[in-house]
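K.L.:
Sharing a structure, written as structure tokens. Questions coming.
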């Protein structure tokens, strides 16, 4: 029994990604068409060349028909995938495995979410009939549980802690300002972030990711076929996905300063990819910054910072675009926006651009190894995805 | 001997200063303040709190009857007493009923409970609770208060024996409210005092003293509850009662708590009773009930779980604006969030001991308490090695917290706390009766039964944490 991974066995040969944001003039079908056709063009393939599809959406539709109908897919398999906010990554993971298994030669993973049509603020759950005992905590409140716990454990006074969180949002906005597809393309002064209206204390509205519409897609083939399609493919080194036992709300030994699911998926992914020192070996990362304290804790869970020191790294600019390990160079969920089913593939899209030197004003110098991290749920009760991708084989 | 074995009371945490009404509406304000059921409380949830308190002081009692008296039942059709029974872990073989119709339902329920206990070897529990609405600018809005009281009645371990009782019933246009109406109407007060309250109370008291062969001078304390306190003054004068014997009617501190009031006043005087002391209790509405109790030697060692006096002191203000919102007298802009879903019948039935009784489970393999109840142990992963484990009366400490300003609530922000129970067990709970800026890691909390929301006519009851009172 082992998680062996599929290091260097599959490659991405083309990607597409819509602009994320308020697409009042586009439905999920439009967004899917745009991402898919951009990916076809990017890989230089025709729709009929694709053997199978994995479609991720949390709630913008059901079944493979959500994709096959607008794209007029000619009687091919379309698998609809859902794994909360990690839905996009999960679609990609399944697509990669299908290719690695030899079942298909060329497949597409695509994710979409249309959030702005609901008329509600923030995300809205769709719970099955229940006994009414589950709380009605919103996502920002769930993730805000991390802040007082982290501050207390590491002796940060709340004001200093708030500075750290604000700086994370500031960095992601600064990166997003250099990204023409991001929802928010504006740098925001740190004082504005710090003083933004409270949503779930200490989190203000500027600590929250953008509620967004969007779609992203990737075309995947066996690594040995990649150069038939593409001069600069990117290679999958590791894919890890874990669902936890949801101990956080059940077990007193969980202290809300870590995501055990992330630690487990990072360990698995690093083992698949042969990474022994993430802080030194990873050139760049896209992580799930749904709310600023999430990103803070992720630095430690992913092994980028030692326990209790991520806040210091944040203040030192370690994760800035010019830092030693740029995190969320595309602006992250905070600035690029978070259309749930698309986000995991959007993270991969940034890897694609950066490795190929197509990231424009936010280009990182010669990245070799990238990481994407995507999670769904809440602290203590979540699913987590980590991928490691590389510019080269080996 | 049949009588009171134990009692408990519940005064909600919130107070509305009467001057605060005056500041908004310009009406004359009477003195003091009134208690206000929080936005997540109703007569049933408050009754649960009072019964829990009474049960804590009588852990050995076994019950055959539960009577729930109120003029403000949460359900017009559906047994409200069943909610109280489920939340207080009453046995299944229980006769339970709702008694309603007038504020006299409270004292009538005590007399019914005494009869039930006398006729069986099982105890009866009487839960009396009210959260009556008064229309803005009216007297009732200022003078009413919200609260609950509960009595365990039985034949063993009696702390106050019922020596005699008397009842009268008259059809009388005093206070009335048709189904669907929110506010009660009442007739002009000279008529009700002179033609109803004074004569009916007088007659019932006369009857009960005659039955018990007592004179007013034999009474140590006197509890008289009248919708209009002037009737009490008249009775006291005519009986030549020492005013010091009259029980506090909490007019300045709580207000008049409807059906619960006579019982609450009695709960107020109980700690002052010495063995042998006699108390007269009388209440009036569409007739009158009166009873005489005599304290037994057991009263000397009885301690209520939470005294009325202590709960009067434990309080926090509610603004008049929030009060109007909580009671849905003032309509407000709905949030840009979906309405909560109605809880579903089958899962509610499956999880009844959890949802209503707050019973989790404890792993018999490793001893770890956990909630909600689990099949596979979170600690040792033993499968189906669980036994029921009650959490409702255990205290807990805050591990971390969230102040949610986005979630739908009649009283934003919603405070959520991760709590660790004494003896083990972790839970993510909503927190109530507290100020958001005061929540801190390490604070001690206790559990309280609340109505989370109402959707499609279904009241969603569950438990919340609150600061230790």
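The values are calculated or read from the model by the stated rules, or taken from the named source; none is laboratory data. Note that this is a predicted model, so its numbers are computed, not measured. Cβ atoms come from the backbone with ideal geometry, glycine included; neighbour counts cover every protein chain shown.
K.L.:
When you look at residue B:195, is it modelled with pLDDT of 95 or more and surrounded by fewer than 21 Cβ atoms within 10 Å (Cβ to Cβ), yes or no?
P.N.:
On the way: modelled with pLDDT of 95 or more: no; surrounded by fewer than 21 Cβ atoms within 10 Å (Cβ to Cβ): yes.
So residue B:195 fails the test.
K.L.:
Considering every residue within region A:220-239, establish whether at least one is touching a helix residue (DSSP H, G or I) at 6+ places or on another chain (Cβ under 9 Å), within 14 Å of chain B (Cβ to nearest Cβ) and crowded, with 24+ Cβ neighbours inside 10 Å.
P.N.:
no
K.L.:
Moving on. Specify the residue that is farthest from the other protein chains (Cβ to nearest Cβ); the eligible residues are those in region A:114-147 that are touching a strand residue (DSSP E or B) at 6+ places or on another chain (Cβ under 7 Å) and over 26 Å from residue B:398 (Cβ atoms).
P.N.:
Going through the qualifying residues, I end up with A:114.
So that you can scan it fast, the table gives a plain yes or no per residue for (1) in a strand (DSSP E or B); (2) in contact with a helix residue (DSSP H, G or I) (Cβ under 8 Å, 6 or more places away or on another chain); (3) surrounded by fewer than 23 Cβ atoms within 10 Å (Cβ to Cβ):
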residue: B:29; (1), (2), (3): no, yes, yes
residue: B:39; (1), (2), (3): no, yes, yes
residue: B:49; (1), (2), (3): no, no, no
residue: B:54; (1), (2), (3): no, no, no
residue: B:66; (1), (2), (3): yes, yes, no
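K.L.:
Exactly one condition in (1) assigned to a loop (DSSP other than H, G, I, E, B); (2) surrounded by fewer than 19 Cβ atoms within 10 Å (Cβ to Cβ); (3) within 12 Å of chain A (Cβ to nearest Cβ) is false for residue B:353; which is it?
P.N.:
The failed condition is (1).
K.L.:
Taking region B:380-410 only, how many residues are part of a loop (DSSP other than H, G, I, E, B) and more than 7 Å from chain A (Cβ to nearest Cβ)? Explain how you work it out, then say what you get.
P.N.:
If we filter region B:380-410 for residues that are part of a loop (DSSP other than H, G, I, E, B), which is where we start, we get B:380-382, B:384-385, B:391-395, B:405-410.
If we keep only those that are more than 7 Å from chain A (Cβ to nearest Cβ) as well, we get B:380-382, B:384-385, B:391-395, B:409-410.
Residues in region B:380-410 being part of a loop (DSSP other than H, G, I, E, B) and more than 7 Å from chain A (Cβ to nearest Cβ): 12 in total.
Each row is one residue, and each column tells you yes or no for (1) without any contact (Cβ under 8 Å) to a residue 24 or more places away in the chain; (2) over 30 Å from residue B:17 (Cβ atoms); (3) part of a helix (DSSP H, G or I).
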| site | (1), (2), (3) |
| --- | --- |
| B:252 | no, no, no |
| B:263 | no, no, yes |
| B:266 | no, no, yes |
| B:274 | no, yes, no |
| B:280 | no, yes, no |
| B:289 | no, yes, no |
| B:294 | no, yes, no |
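K.L.:
Another question about this same structure. Which one of A:214, A:210 is modelled with pLDDT under 95 and away from every other protein chain (no Cβ under 14 Å)? Please lay out each step first, then the result.
P.N.:
Values: A:214 fails: modelled with pLDDT under 95.
Selected residue: A:210, the only one of A:214, A:210 that is modelled with pLDDT under 95 and away from every other protein chain (no Cβ under 14 Å).
K.L.:
Also, quick follow-up: With the checklist (1) without any contact (Cβ under 8 Å) to a residue 40 or more places away in the chain; (2) under 20 Å from residue B:263 (Cβ atoms); (3) touching a helix residue (DSSP H, G or I) at 6+ places or on another chain (Cβ under 7 Å) in hand, flag the one item residue B:84 doesn't pass.
P.N.:
The one condition residue B:84 does not meet is (1).
K.L.:
How many residues, within region A:240-258, are away from every other protein chain (no Cβ under 12 Å) and either under 20 Å from residue B:381 (Cα atoms) or surrounded by fewer than 20 Cβ atoms within 10 Å (Cβ to Cβ) (or both)? It would help to see each step written out before you state the result.
P.N.:
At the first step, the residues of region A:240-258 found to be away from every other protein chain (no Cβ under 12 Å) are A:240-243, A:258.
Still in the running and either under 20 Å from residue B:381 (Cα atoms) or surrounded by fewer than 20 Cβ atoms within 10 Å (Cβ to Cβ) (or both): A:242-243.
The number of residues fulfilling the criteria is 2.
K.L.:
What is the residue count in region A:259-277 for residues that are surrounded by fewer than 19 Cβ atoms within 10 Å (Cβ to Cβ), over 16 Å from residue A:298 (Cα atoms) and in contact with a helix residue (DSSP H, G or I) (Cβ under 6 Å, 6 or more places away or on another chain)?
P.N.:
0
K.L.:
Just give me the residues in region B:357-371 being part of a loop (DSSP other than H, G, I, E, B), within 10 Å of chain A (Cβ to nearest Cβ) and over 18 Å from residue B:431 (Cβ atoms), in sequence order. Explain how you work it out, then say what you get.
P.N.:
Taking region B:357-371 as the starting set, the residues that turn out to be part of a loop (DSSP other than H, G, I, E, B) are B:357-358, B:364-368, B:371.
Filter once more, so that each one left must be within 10 Å of chain A (Cβ to nearest Cβ): B:358, B:368, B:371.
Result: B:368, single match.
K.L.:
Hey, another quick one. Give region A:148-165 a look and list any residue that's surrounded by fewer than 15 Cβ atoms within 10 Å (Cβ to Cβ) and within 8 Å of chain B (Cβ to nearest Cβ), or say none.
P.N.:
Start the filter on region A:148-165 by keeping residues that are surrounded by fewer than 15 Cβ atoms within 10 Å (Cβ to Cβ), which leaves A:155, A:157-160.
Residues satisfying the conditions do not exist here.
K.L.:
Search region B:319-341 for residues being more than 8 Å from chain A (Cβ to nearest Cβ) and buried (at least 16 other Cβ atoms within 10 Å of the Cβ), and hand back the single one that is farthest from residue B:451 (Cα to Cα).
P.N.:
Looking at residues that are more than 8 Å from chain A (Cβ to nearest Cβ) and buried (at least 16 other Cβ atoms within 10 Å of the Cβ), I get B:320.
K.L.:
Evaluate the following for residue A:263: is it farther than 22 Å from residue A:352 by Cα and more than 14 Å from chain B (Cβ to nearest Cβ)? Write out each step before concluding.
P.N.:
On the way: farther than 22 Å from residue A:352 by Cα: yes; more than 14 Å from chain B (Cβ to nearest Cβ): yes.
So residue A:263 fits the description; yes.
K.L.:
Would it be correct to say that residue B:418 is surrounded by fewer than 19 Cβ atoms within 10 Å (Cβ to Cβ) and at the interface with another protein chain (Cβ under 9 Å from one of its Cβ atoms)?
P.N.:
Numbers: surrounded by fewer than 19 Cβ atoms within 10 Å (Cβ to Cβ): no; at the interface with another protein chain (Cβ under 9 Å from one of its Cβ atoms): yes.
No; evaluated as a whole, the condition is false for this residue.
K.L.:
Of all residues in region A:131-145, count the ones that are more than 17 Å from residue B:458 (Cβ to Cβ), without any contact (Cβ under 8 Å) to a residue 60 or more places away in the chain and surrounded by 23 or more Cβ atoms within 10 Å (Cβ to Cβ). Give the derivation first.
P.N.:
Within region A:131-145, the subset more than 17 Å from residue B:458 (Cβ to Cβ) is A:135, A:137-145.
Now drop any that are not without any contact (Cβ under 8 Å) to a residue 60 or more places away in the chain, which leaves A:135, A:141.
Cutting the leftovers down to surrounded by 23 or more Cβ atoms within 10 Å (Cβ to Cβ) gives us A:141.
Residues flagged as more than 17 Å from residue B:458 (Cβ to Cβ), without any contact (Cβ under 8 Å) to a residue 60 or more places away in the chain and surrounded by 23 or more Cβ atoms within 10 Å (Cβ to Cβ) within region A:131-145 amount to 1.
K.L.:
Considering only residues that are within 11 Å of chain A (Cβ to nearest Cβ) and either within 18 Å of residue A:147 (Cα to Cα) or in a loop (DSSP other than H, G, I, E, B) (or both), which ones fall in region B:432-453?
P.N.:
We begin by selecting, within region B:432-453, every residue within 11 Å of chain A (Cβ to nearest Cβ); these are B:436-437, B:439-442, B:451-453.
Hits for region B:432-453 are B:436, B:437, B:439, B:440, B:441, B:442.
K.L.:
I've got another one for you. Looking at region B:178-188, which of the residues that are under 14 Å from residue B:285 (Cβ atoms) and touching a residue at least 24 places away in the same chain (Cβ under 8 Å) is farthest from the chain's Cα centre (by Cα)?
P.N.:
The qualifying residue farthest from the chain's Cα centre (by Cα) is B:186.
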